[in-house]
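Since every read-out is calculated from the coordinates, none of them should be taken as a lab result. Bear in mind that the values here come from a model prediction, so they are computed numbers and not experimental data. Positions of Cβ are backbone-derived with ideal geometry, glycine not excepted, and every protein chain shown enters the neighbour counts.
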Amino acid sequence: MTFETIAIGVVLAYLLGSLPSSVWVGQAYHGIDIRDYGSGNAGATNTFRVLGRKAGVLVMAMDVFKGLTAVTLATVWMQLGFVPETQIILVKLIFGISAVLGHIFPIYIGFRGGKGVATLLGMVLGINPLAAAICVAVFMIVLLLTRYVSISSIMGTLSFPLTLLLTDIQPNDQILVVFGFIFSIAVIFTHKKNILRILNGTENKANFRTKKNR
C-alpha cells in the first residue's frame with residue numbers, strides 16, 4: 001500500500017461524493033436549485049421536504065450509491081494489489097469518509113452540499129450490510145414515530161456502533177466502533193440547528209407526498 005495509490009483513491013472517492021444529486025434532480029425535473037428552498041441544504045432530507053417523496057427517494061438512492069461505490073473502490077484497489085487484505089477495512093473507511101466529505105463539501109457546486117447521512121449509509125452498507133440494515137430499521141421506526149428526519153438520522157447513525165458493540169465483533173471491527181461514535185457526534189453537530197428548531201417547535205416534519213405543487 002503506497003501513499004500515491006491511496007491518495008488517488010481518496011480523490012476519486014471525494015469527486016464521486018461531490019456529485020450533486022439533489023441539485024441535479026431539482027433542476028432537471030422541477031427547474032429549481034434545491035438550495036434556494038426549505039433549509040437550503042443540498043441533500044435528500046431537504047428534497048423530501050421541498051419536492052416530496054418521489055424526488056426524495058431518488059436523491060437518497062443516488063446518495064447511498066455514492067457511498068457504496070466509494071467503499072467498493074477500496075475492494076477494487078485490493079484486487080489490483082494496491083491494498084493488503086489486512087488493511088481493507090481501514091481503506092474502506094478512508095474512501096468512504098472521502099465520499100461523505102465530498103457530499104458535504106462538493107467541489108462542483110461551490111462546496112455547499114448536504115449533511116452526508118445517506119452517503120454515510122451507503123458506506124456502512126458496503127462495510128457491514130447487517131449493521132446497515134439495522135441502521136435503516138432504526139431510522140424508519142423513528143421517522144414513522146416522529147416524522148423528524150433529523151432525529152431519525154441521528155438515531156440511525158448512533159445505532160451503527162451500538163450494533164457492533166452488542167454483537168460478536170472481530171478485531172478489525174474495533175476501528176469501526178470508534179469511527180461509528182465519532183461520526184455519530186459529527187452527525188449530531190451537523191444537525192444542531194434542526195435540534196434547536198425541534199426544541200423550539202419550528203422544525204418541519206417529513207413530507208410524504210409524491211411531489212410538491214408549485
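Rounded to the nearest 20 debye, the dipole magnitude of the chain is 1180 debye, with +1 charges on Lys and Arg beta carbons, -1 on Asp and Glu beta carbons, and the Cα centre as origin.
The Rg/Rh ratio of the range 78-120, with both radii computed over alpha carbons and Rh defined as the Kirkwood radius, is 1.14.
The simple spin-label model puts a point 7 Å past each Cα toward its Cβ; for THR167 and ALA61 those points are separated by 2.6 nm. Over the range 1-112, the alpha carbon radius of gyration divided by the compact-protein estimate 2.2 N^0.38 Å works out to 1.18. On full extension, the segment bounded by ILE182 and TYR29 gains 51.4 nm, given 0.36 nm per residue less the C-alpha separation. Once backbone amide H atoms are built at 1.01 Å from N, ILE32 has GLN27 as its partners under 5 Å, excluding neighbours fewer than 5 places away on the same chain. Relative to the longest principal axis of the Cα atoms of the chain, the long axis of helix 88-104 makes an angle of roughly 30 degrees. What the Cβ-Cβ distance of LEU145 and THR75 gives, at R0 = 41 Å and to the nearest 0.05, is a FRET efficiency of 0.70.
Using R₀ = 35 Å, calculate the FRET efficiency as 1/(1 + (r/R₀)^6) where r is the Cβ-Cβ separation of PHE3 and GLN174; round to 0.05.
The value I calculate is 0.90.
Straight-line cross-link partners of LYS54 among the aspartates and glutamates, defined as a Cα under 20 Å from its Cα and at least 8 positions apart when in the same chain: ASP33, ASP36, ASP63. Restricted to Cα atoms, the range 3-200 shows a radius of gyration and a Dmax of 16.5, 53 angstrom.
Which whole-angstrom value gives the distance between the alpha carbon centres of the range 64-126 and the range 138-152? Between the Cα centres of the range 64-126 and the range 138-152 lies a distance of 25 Å. If you plug the beta carbon distance of ALA137 and ASN200 into 1/(1 + (r/R0)^6) with R0 = 22 Å, you get a FRET efficiency near 0.15.
Quick one: grab the alpha carbon gyration tensor of the range 70-144, order the square roots of its eigenvalues as a ≥ b ≥ c, and give me rounded if a/c is under 1.5, else prolate or oblate depending on whether a/b is larger than b/c.
On the way: a/c = 3.53, a/b = 1.23, b/c = 2.88.
Taking the square roots of the gyration eigenvalues as a ≥ b ≥ c, the range 70-144 is oblate.
Quick check for me: using +1 on Lys/Arg Cβ and -1 on Asp/Glu Cβ, what's the dipole size of the range 1-110 about its Cα centre, in debye to the nearest 20? Show your work: numbers first, answer last.
Details: 6 positive and 5 negative charges, 71 e Å.
Once rounded to the nearest 20, the dipole reads 340 debye.
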